[in-house]
Amino acid sequence: MAKLIVTSPEGRKSERELEGTLIVGRAQDCSLRLASDTKASRNHCKIEKRGSEYALSDMGSANGTRLNGEKIGQRIEVLKDGDVVVVGGTKLEFVDGSGGAAAPAAPGAAAASPGGGLLGKVKGALGGLFSRGGGSGGEGGGEGAGGAVFGDKTITCPCGAVLSTAAKSPGQKVGCPRCKKIYAVPGK
């Protein structure tokens, strides 16, 4: 079972098993109450079970929610084993609990490094540089190289990050803040 290892601003550690939806904040009705963390908002963030994964979202907090050192803003992020979420001065380490049998984060994610080794790593790193193959046009969504899923105004990276392409022109580059892959915005 998935769990969080919670480290308070004072350095106290505790564990919390994850089931369903967890609201994190200072409010009395929060599932994970951080009463002594003055930098946490009343309803700071939410960790929600979605199928076999857990998704993190900020609930409009004053100081923001950080995932592995980066503010998530309005993005919804899929948590991976070992991810560190910072809420105010509290650290939450996500432990998958599946024993290493995690499913790929997105369709085709396993294809990012076929055969493993150096060639697989190079193909995986370069895969995000290319937009949709096969001339599928700009309508709807599709799967691109490296396991990325291209929507009308978003790109879903295999790491689970959702990147907005709404203000970008076709061919412009969009970088994933989480795994640092670079994607070309598909043409219309």
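The values are calculated or read from the model by the stated rules, or taken from the named source; none is laboratory data. Keep in mind that this is a model prediction, so the values were computed, not measured. No Cβ is skipped: glycine too gets one built from the backbone with ideal geometry, and neighbour counts run over all protein chains shown. All accessible areas refer to the heavy atoms of the entire protein, side chains included, with ligands and DNA or RNA removed. Shrake-Rupley method; radii C 1.70, N 1.55, O 1.52, S 1.80 Å.
So, in the stretch 142-165, of the ones that are touching a strand residue (DSSP E or B) at 6+ places or on another chain (Cβ under 8 Å) and open to solvent by 60 Å² or more (accessible area, probe 1.4 Å), which residue ends up modelled with the lowest pLDDT?
Selected residue: E143.
Can you list residue pairs whose Cβ atoms sit under 6 Å apart, with the first residue in the stretch 146-163 being among the hydroxyl-bearing types (S, T, Y) and the second being modelled with pLDDT under 70 and surrounded by fewer than 24 Cβ atoms within 10 Å (Cβ to Cβ)? Count only pairs 6 or more apart in sequence or on different chains.
T156/A106; T156/V149
Out of all the residues in the stretch 1-13, which are in contact (Cβ under 8 Å) with a residue 24 or more places away in the chain, outside any strand (DSSP E or B) and open to solvent by 10 Å² or more (accessible area, probe 1.4 Å)?
Listed by number, the residues that qualify are M1, S8, P9, E10.
Consider the stretch 31-73. How many of its residues are outside any strand (DSSP E or B) and in contact with a Pro (Cβ under 8 Å, 6 or more places away or on another chain)?
3
Name every residue in the stretch 14-26 that is within 22 Å of N63 (Cβ to Cβ) and exposed (fewer than 11 other Cβ atoms within 10 Å of the Cβ), in order of residue number.
S14
Are there any pairs with C-beta distances below 6 angstrom linking a residue in the stretch 32-43 that is touching a residue at least 24 places away in the same chain (Cβ under 8 Å) and aliphatic (A, V, I, L, M) to a residue that is part of a loop (DSSP other than H, G, I, E, B) and open to solvent by 60 Å² or more (accessible area, probe 1.4 Å), with the two at least 6 apart or on different chains, and if so which?
L34/R26; A40/R26
Return the residues of the stretch 40-55 that are open to solvent by 80 Å² or more (accessible area, probe 1.4 Å) and among the charged types (D, E, K, R); say none if nothing qualifies.
Correct list: R42, K49, R50.
Identify, from the list D29, D58, D37, the residue that is open to solvent by less than 20 Å² (accessible area, probe 1.4 Å) and acidic (D, E).
Within the list D29, D58, D37, the selection yields D37.
Filter the stretch 166-183 down to the residues that are of a type outside the set (D, E, K, R), at pLDDT 75 or above and in a loop (DSSP other than H, G, I, E, B) and list them by number.
Of everything in the stretch 166-183, those that are of a type outside the set (D, E, K, R), at pLDDT 75 or above and in a loop (DSSP other than H, G, I, E, B) turn out to be S169, P170, G171, Q172, C176, P177, C179.
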